[in-house]
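To start, the structure itself, in structure tokens.
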Amino acid sequence: MLYLVPTPLGNLKDITLRSIEVLQSVDVILCEDTRTSSRLLQHYNIQKPLTPYHQHNEHKIVDHLVQQLQAGKTMALITDAGTPGISDPAFLLVRACIKADVKVESLPGATAFVPALVNSGIPSNRFVFEGFLPLKKGRQTLMKQLAEEERTMIFYESPVRLIKTLEEFIQYFGAERQCSVSRELTKMFEENKRGSLHDVCEHFKQKSVKGEIVIVVAGKD
């Protein structure tokens, strides 16, 4: 049995009771970064063996993990923050488990783009989640395609690339396209900046930007 267990974005109180119960019950916890996960597990006095599972080793160990699951072990997969599989490792293992007839269960919980979307003030009835944009290959082609997208668009971005990405959005979508940038969600210094792409970009040019970032952009009228 493999459980996919969402973890808090920042505020440790955002974990569900069921998630705690599952983490307490499994044989092994697969985690993106053992140091980050240890802080969460120690907070809830969960003492279970940890196995690193991340984008750099998932191809190498996925078959071994499936074999252990077939042998009767129960595992939980967590990431540093949010729901496994949403711009985080999970897909390869889930696909392998399904192929091997290993039961997979995904628990509901924190996902960064949901609070960013619903508090953006931008229509949320129809949206497309793009995650992280490609850094080089295919980026320009994708930007041209997204310029014609009529649904609300959601992106993840790093602090060091925020300004560059907003400037590219201005270039392809227009300076007056409405957007919202959310960072440090659920944490002490949470910030949600809303307005035109031009105004939001100028706002973040005036400050040092930290934390994980979600960008919500209105679709084409």
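The values are calculated or read from the model by the stated rules, or taken from the named source; none is laboratory data. The structure presented is a predicted model; accordingly, all values stated were derived computationally and were not measured. Neighbour counts run over all protein chains shown; Cβ positions are idealised from the backbone, glycine included.
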(message) Filter segment 138-152 down to the residues that are touching a helix residue (DSSP H, G or I) at 6+ places or on another chain (Cβ under 9 Å) and more than 16 Å from Gln171 (Cα to Cα) and list them by number.
(response) Thr152
(request) Being surrounded by fewer than 16 Cβ atoms within 10 Å (Cβ to Cβ), in a loop (DSSP other than H, G, I, E, B) and not acidic (Asp, Glu) is the filter here, so list the residues in segment 166-210 that pass it. (result) Gly174, Ala175, Lys187, Met188, Phe189, Gln206, Lys207, Ser208, Lys210
(message) Being of a type in the set (S, T, N, Q) and assigned to a helix (DSSP H, G or I) is the filter here; which residues of segment 15-45 pass it?
(response) Ser19, Gln24, Ser25, Thr34, Thr36, Ser37, Ser38, Gln42
(message) Need a quick list: helices (runs of 4 or more DSSP H) entirely within segment 84-155 having at least 2 residues that are over 15 Å from the mean Cα position of the chain (by Cα).
(response) 91-99, 139-146
(request) Can you work out which of the residues in segment 46-61 that are under 21 Å from the mean Cα position of the chain (by Cα) and in a helix (DSSP H, G or I) is surrounded by the fewest Cβ atoms within 10 Å (Cβ to Cβ)? (result) His59
(message) Which of the numbered conditions does Val200 fail, given that it passes all the others? Conditions: (1) under 16 Å from Glu167 (Cα atoms); (2) among the β-branched types (Val, Ile, Thr); (3) touching a residue at least 40 places away in the same chain (Cβ under 8 Å).
(response) (3)
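Can you find a residue in segment 143-155 that is in contact (Cβ under 8 Å) with a residue 60 or more places away in the chain and closer than 21 Å to Pro8 by Cα? Walk me through it before giving the result.
Going residue by residue through segment 143-155, those that are in contact (Cβ under 8 Å) with a residue 60 or more places away in the chain are 147-155.
After this cut, where a residue has to be closer than 21 Å to Pro8 by Cα as well, the list is 154-155.
Yes, some residue in segment 143-155 is in contact (Cβ under 8 Å) with a residue 60 or more places away in the chain and closer than 21 Å to Pro8 by Cα.
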(message) Can you confirm whether Ser106 is closer than 14 Å to Val217 by Cα and either among the hydroxyl-bearing types (Ser, Thr, Tyr) or not assigned by TED's automatic domain parsing to the domain that holds Gly174 (or both)?
(response) no
(request) Give the residue that is surrounded by the most Cβ atoms within 10 Å (Cβ to Cβ), with candidates limited to residues of segment 156-165 that are among the hydroxyl-bearing types (Ser, Thr, Tyr) and not in a strand (DSSP E or B). (result) Thr165
